[in-house]
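> Once you've had a glance at the structure underneath, I'll fire off some questions.
The values are calculated or read from the model by the stated rules, or taken from the named source; none is laboratory data. Remember, predicted model here, so these are calculated numbers, not experimental data. Neighbour counts are summed over all protein chains in view; Cβ atoms, including those assigned to glycine, are modelled from backbone coordinates with ideal geometry. Ligands, DNA and RNA are excluded from the accessible area calculation, which covers all protein heavy atoms including side chains. Shrake-Rupley method; radii C 1.70, N 1.55, O 1.52, S 1.80 Å.
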Amino acid sequence: MKLLHIDTSNQPLSVSITDGDSVLAEFNSGMRINHSITLMSQVESLLKYTGLTMKDIEGVTVAHGPGSYTGLRIGVTAAKTLAYTLDIPLYSVSSLAALAATVRMHEFLLIPVFDARRNHVYAGMYRYKGVKLEMIEEDQYISIDELNEKLKQQHLPYIFLGMDAVKLEASLKGPVFYCIPRSAEMRRLIDTNDPVNVHAFEPTYLRISEAERNWLSSQD
């Protein structure tokens, strides 16, 4: 099954095309670039490189969050539009799980983190069981202090993952490992028999935006 995978949930951009277990082509960048401008041009480049057309794509996978509000909207909107237009299934994957899936550290509890500002992060907790990545706790919006305390109580070796983990290394109590999402890894995280509803599907933000927070404050 030929799948197009999209992750624009944070600063990195990752787009790939896979066929079953095979990665046909993949583009990854950790640069600060405008996803709304570069996403579809990269999709077109991958199609050209693989000799495929959009009509050859049999499904779309997208990282649904948490992450940047703007980044999530760009990726999810593009994925929904393609799935609807081509009448193909749409699959979604946690952005944190997608990041955790880029490493193969079976000896650690994997803690992918995204900076949520104001001493808070979006954090996941994952671990490999054999070749399968399993969620230990639901993804959450949490203060760094709370996260450090929670992990301390686990009594298990753990490692923080991601470019934001490196940026926040001074506050995170534990080893950090730099990595960016590789969207092709999302093929291992989906059940192709369980697509999402393309019309009802929305990003997972885990918290309200600053604009929404300010509006609610003004109503008080």
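> Please determine whether any residue of region 40-59 is of a type in the set (Val, Ile, Thr) and either without any contact (Cβ under 8 Å) to a residue 12 or more places away in the chain or loosely packed, with under 15 Cβ neighbours inside 10 Å (or both).
Yes, there is a match, as at least one residue in region 40-59 is of a type in the set (Val, Ile, Thr) and either without any contact (Cβ under 8 Å) to a residue 12 or more places away in the chain or loosely packed, with under 15 Cβ neighbours inside 10 Å (or both).
> Also: Which of the residues spanning region 135-158 are open to solvent by 70 Å² or more (accessible area, probe 1.4 Å) and either part of a strand (DSSP E or B) or among the acidic types (Asp, Glu) (or both)?
Scanning region 135-158 gives Met135, Ile136, Glu138, Tyr141, Asp145, Glu146, Glu149.
> Further, regarding this structure: Is one or more of the residues making up region 77-91 of a type in the set (Val, Ile, Thr) and open to solvent by less than 10 Å² (accessible area, probe 1.4 Å)?
No, because not a single residue in region 77-91 is of a type in the set (Val, Ile, Thr) and open to solvent by less than 10 Å² (accessible area, probe 1.4 Å).
> State whether one or more residues within region 45-56 are more than 16 Å from Gly162 (Cβ to Cβ) and of a type in the set (Lys, Arg).
Yes, that holds for at least one residue.
> Ok, one more. Output the number of the condition that Leu24 fails; it satisfies all remaining conditions of (1) touching a residue at least 12 places away in the same chain (Cβ under 8 Å); (2) in a helix (DSSP H, G or I); (3) open to solvent by 60 Å² or more (accessible area, probe 1.4 Å); (4) over 20 Å from Ser95 (Cβ atoms).
So the condition that Leu24 fails would be (2).
> Scan region 1-21 residue by residue and report those that are surrounded by 19 or more Cβ atoms within 10 Å (Cβ to Cβ) and part of a loop (DSSP other than H, G, I, E, B).
Answer for region 1-21, where residues must be surrounded by 19 or more Cβ atoms within 10 Å (Cβ to Cβ) and part of a loop (DSSP other than H, G, I, E, B): Thr8, Ser9, Asn10, Gln11, Pro12.
> Can you find, within region 97-132, the residue that is nearest to Tyr158 (Cα to Cα) among those that are in contact with a Lys or Arg (Cβ under 7 Å, 6 or more places away or on another chain) and open to solvent by 30 Å² or more (accessible area, probe 1.4 Å)?
This residue is Thr102.
> Here's something else I'd like to know. What tally of residues in region 159-184 results from selecting those that are among the aliphatic types (A, V, I, L, M) and not in a loop (DSSP other than H, G, I, E, B)?
Result for region 159-184: 7.
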